[in-house]
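Engineer: Below are the C-alpha cells for one structure; questions will follow.
The values are calculated or read from the model by the stated rules, or taken from the named source; none is laboratory data. Quantities reported herein were computed from a predicted structural model and do not represent experimental measurements. Heads up, the Cβs are rebuilt from the backbone with ideal geometry, glycines too, and the neighbour counts pull from every protein chain shown.
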Amino acid sequence: MDKHITMADLKGTLILVAKTLFGDQFDVRLRPSFFPFTEPSVEADVTCFNCNGKGCAICKQTGWIEVLGAGMVHPHVLEMSGIDPEEYGGFAFGLGPDRFAMLKYGVDDIRNFYLNDVRFLSQFYKKG
C-alpha cells in the first residue's frame, strides 16, 4: 500500500520475486485471471523446470507452471478499510508453498506432498 501504486509496480515486483525465488533461467509471464478482492487480477507462470518450456506431463504440454496469483487491491476493499482509493493503491499476491517446493527440489508430481509418505517428506526436513 502506498500512494499511486499501479499495475506496473505489481508487474515489476512479481517478476523480481519469481526471478529471485526460481532463478534467472526461468521466463515469467502474467496471465489475466480473477480473484474477488483484486482488480485487475493475474496469475504468474514460470517456464517449466522439467522440459524448459517444450511441453511435458508436468506442465500439461504448455511449457509453463503456475506459481502465484496476484492483483491490485479492489477499490471497494480499500474503501471498506477506510482508505481513499483515489489516492492510495496496493497489490496482493500469494505463492503456493507446494509449487515452490516442487520447483526448488525438482519434485515431478505435486501430489507427492499430500500422500503422507514420511520417507518422501523427511528429505525436506533439516535439523537445527
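Engineer: Output the number of the condition that THR20 fails; it satisfies all remaining conditions of (1) among the hydroxyl-bearing types (Ser, Thr, Tyr); (2) surrounded by 15 or more Cβ atoms within 10 Å (Cβ to Cβ); (3) part of a helix (DSSP H, G or I).
Structural biologist: (2)
Engineer: Applying the selection to segment 78-125, what residues are free of Cβ contacts under 8 Å to residues at least 24 places away in the same chain and not in a helix (DSSP H, G or I)?
Structural biologist: Hits for segment 78-125 are SER81, GLY82, ASP84, PRO85, GLU86, VAL107, LEU115, ASN116, ASP117, TYR125.
Engineer: Same structure again: Restricting to segment 56-76, what's the tally of residues that are surrounded by 14 or more Cβ atoms within 10 Å (Cβ to Cβ) and touching a Gly at 6+ places or on another chain (Cβ under 9 Å)? Can you show your working first?
Structural biologist: So the first thing to find is which residues in segment 56-76 are surrounded by 14 or more Cβ atoms within 10 Å (Cβ to Cβ), and the list is 56, 58-59, 62-75.
Next, only the ones that are touching a Gly at 6+ places or on another chain (Cβ under 9 Å) stay: 56, 59, 62-64, 66-70, 72-73, 75.
Summing the residues that are surrounded by 14 or more Cβ atoms within 10 Å (Cβ to Cβ) and touching a Gly at 6+ places or on another chain (Cβ under 9 Å) in segment 56-76 gives 13.
Engineer: Further question: Can you find even one residue in segment 42-54 that is in contact with a helix residue (DSSP H, G or I) (Cβ under 8 Å, 6 or more places away or on another chain), of a type in the set (Val, Ile, Thr), modelled with pLDDT of 95 or more and surrounded by 14 or more Cβ atoms within 10 Å (Cβ to Cβ)?
Structural biologist: Narrowing segment 42-54 to residues in contact with a helix residue (DSSP H, G or I) (Cβ under 8 Å, 6 or more places away or on another chain): 42, 44, 46, 49.
Now restrict to residues that are of a type in the set (Val, Ile, Thr): 42, 46.
Still in the running and modelled with pLDDT of 95 or more: 42.
Then drop every residue that is not surrounded by 14 or more Cβ atoms within 10 Å (Cβ to Cβ), which leaves 42.
Scanning segment 42-54, I find at least one residue that is in contact with a helix residue (DSSP H, G or I) (Cβ under 8 Å, 6 or more places away or on another chain), of a type in the set (Val, Ile, Thr), modelled with pLDDT of 95 or more and surrounded by 14 or more Cβ atoms within 10 Å (Cβ to Cβ), so the answer is yes.
Engineer: Please find, among ILE5, ILE15, the residue that is touching a strand residue (DSSP E or B) at 6+ places or on another chain (Cβ under 6 Å), part of a helix (DSSP H, G or I) and surrounded by fewer than 18 Cβ atoms within 10 Å (Cβ to Cβ).
Structural biologist: ILE15
Engineer: In addition: Whether any residue in segment 51-70 is touching a residue at least 60 places away in the same chain (Cβ under 8 Å) and assigned to a strand (DSSP E or B) is what I want to check.
Structural biologist: If we filter segment 51-70 for residues that are touching a residue at least 60 places away in the same chain (Cβ under 8 Å), which is where we start, we get 70.
Still in the list and also assigned to a strand (DSSP E or B): 70.
For segment 51-70, residues touching a residue at least 60 places away in the same chain (Cβ under 8 Å) and assigned to a strand (DSSP E or B): present.
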